[in-house]
Amino acid sequence: MKYVPTIGIECHVQLKTKTKLFSEVDNDARGKEPNSCVSPVDYALPGMLPRLNGEAVRLAVLAGRAMNCEINAESRFDRKHYFYPDSPKGYQITQFYQPIIGSGYVELPDGEKVRIEHAHLEGDAGKLTHFDSYSLVDLNRVDTPLIEIVSMPDIHSAKAAHDYCKELWRLMRFADVTYGDLYNGNMRFDVNISLAPEGSDVLGTRAEVKNLNSFRSVERATEYEIKRQSKLLDAGEKVVQETRGWNDDAGKTTGQRSKEEAKDYRYMPEPDLPPVRLSAEFIEKESAKLPPMPSEYRKRFKGIIANEILEILLDYPELTNKLNEIDQKYVKNMSNLFTSVLLAEEKSAEYLNDLPSVRDLNELAAMNEKKELSSTATKEVFLRLFDPQMKGHGTRQIAKELGVIQENDLGALEKIVDAVLAKPETQKAQEDFRAGEEKVIGFLVGQVMKESHGKANPSSVQDILRKKLS
């Protein structure tokens, strides 16, 4: 029997605030000692009260607008009660009844839209590291500000699940609300998968795969679940509603805990935080700060940049935004340099933080177009623009210092060609060319390049040689 998968995804996005959601403690604990970024509020010591971080609210508004979502003028916090070692308070402060972000949608690269049900602000839990006979708790992550984005069940394949998660990651990065570091868990995905017979109006029983932190894992885990559930249904067995974990090395999901009944979290309004009320002016002002999103760049650069190159560039907002600033006639040239040269460099991540000026990039592309720089020289000058010692030198000055500006004066080139053709060692090659051996033109061009110390324009040299030898 053929089955139709139905997939919904919940995504936790860590917001890039300087401090935590409810305390004045460093929010970026990457590479820092366990339990070094904590305060009495995070430990939930008696009498410690939360104070809402206004920057987290502002970033949540931007994130919502990036997903074409409504922003609710009033939202409230609630307590979600559960007991676990990584939650000192015994509850999580979240938004259950009135979230800050309402409905919207994410547009995928192929134009399909995945609806967003809502997204809410909440504080993260700590981190548990398990060993054979004990576990250790790191509270650095407690109350890191998150938005949890809940999609509608609009996804029906593992590839679409992959594309949705990647596009969501891009949107959050372009909106500049998160570092987007998947390795360090800045974004984590919970994927809900169910199967139903083709043509059925009733959805199947779902399994939830938790804490996926790469797009590849999302796709592989979804593929595995579709096959696993298909085999169960084909055998006449039932799919159990449960939470499952993903083992990337083994390439399979494993059961963690049953979810036959909804857990009673005893939600209640958070008494220590007032409602969040946003004015229409505030929402409009913050929404106006949103830069162009990936879907806009796809329309803007259609027919200028090849799709496969643009999709690579959209993983790097710094590059796409820079392309948007430079002269449009140089966009194609520069997009190729960004993808084939810059991203191939070992220090590319470091270079992204300090890109050359628009003026220098425009001049580089112009010099290449005028054939003042060969393609090889263009790449060499381009990389030198990232050299700290070359800061402020400018494109043309760097090219002069490297001695790579090509000679385009036809009169000067003709004199060099005449000098080469007068040499005894080129006479046989000239005779061979006149006899129909085309390949010897390369030898003659090489002799001219040597005579000009590499500064002659090879294309112009070849044209002059052909005219003189014909």
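Numbers at a glance
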item	result
Region 248-267, residues that are of a type outside the set (G, A, S) and surrounded by fewer than 13 Cβ atoms within 10 Å (Cβ to Cβ)	D249, T254, R257, E260, E261, K263, D264, R266
Qualifying positions in region 1-57 - at pLDDT below 95 and among the aromatic types (F, W, Y)	Y3, Y43
Helices (runs of 4 or more DSSP H) contained entirely in region 369-470, each with at least 3 residues that are farther than 30 Å from S357 by Cβ, in contact with a strand residue (DSSP E or B) (Cβ under 8 Å, 6 or more places away or on another chain) and modelled with pLDDT of 80 or more	none
Selection from region 40-63 of residues that are of a type in the set (A, V, I, L, M, F, W, C) and closer than 17 Å to R141 by Cα	V41, A44, L45, L52, A56
Region 1-39, subset of a type in the set (D, E) and not in a loop (DSSP other than H, G, I, E, B), residue farthest from the chain's Cα centre (by Cα)	D26
Enumeration of residues in region 225-261 that are more than 13 Å from T205 (Cβ to Cβ), in contact with a helix residue (DSSP H, G or I) (Cβ under 9 Å, 6 or more places away or on another chain) and either in a loop (DSSP other than H, G, I, E, B) or of a type outside the set (A, V, I, L, M, F, W, C) (or both)	D248, G251, K252, T253
Enumeration of residues in region 416-463 that are under 23 Å from M367 (Cβ atoms) and among the hydroxyl-bearing types (S, T, Y)	S452, S459, S460
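One line per residue, one yes/no per condition, for (1) buried (at least 17 other Cβ atoms within 10 Å of the Cβ); (2) outside the structural domain of R141 (by TED's automatic domain parsing); (3) within 15 Å of the chain's Cα centre (by Cα); (4) part of a helix (DSSP H, G or I):
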position	(1), (2), (3), (4)
K166	yes, no, yes, yes
R170	yes, no, yes, yes
N184	no, no, yes, no
V202	no, no, no, no
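The values are calculated or read from the model by the stated rules, or taken from the named source; none is laboratory data. All values reported here derive from a predicted model rather than from experimental measurement. Please note: Cβ atoms are built from the backbone with ideal geometry, for glycine as well, and neighbour counts cover all protein chains shown.
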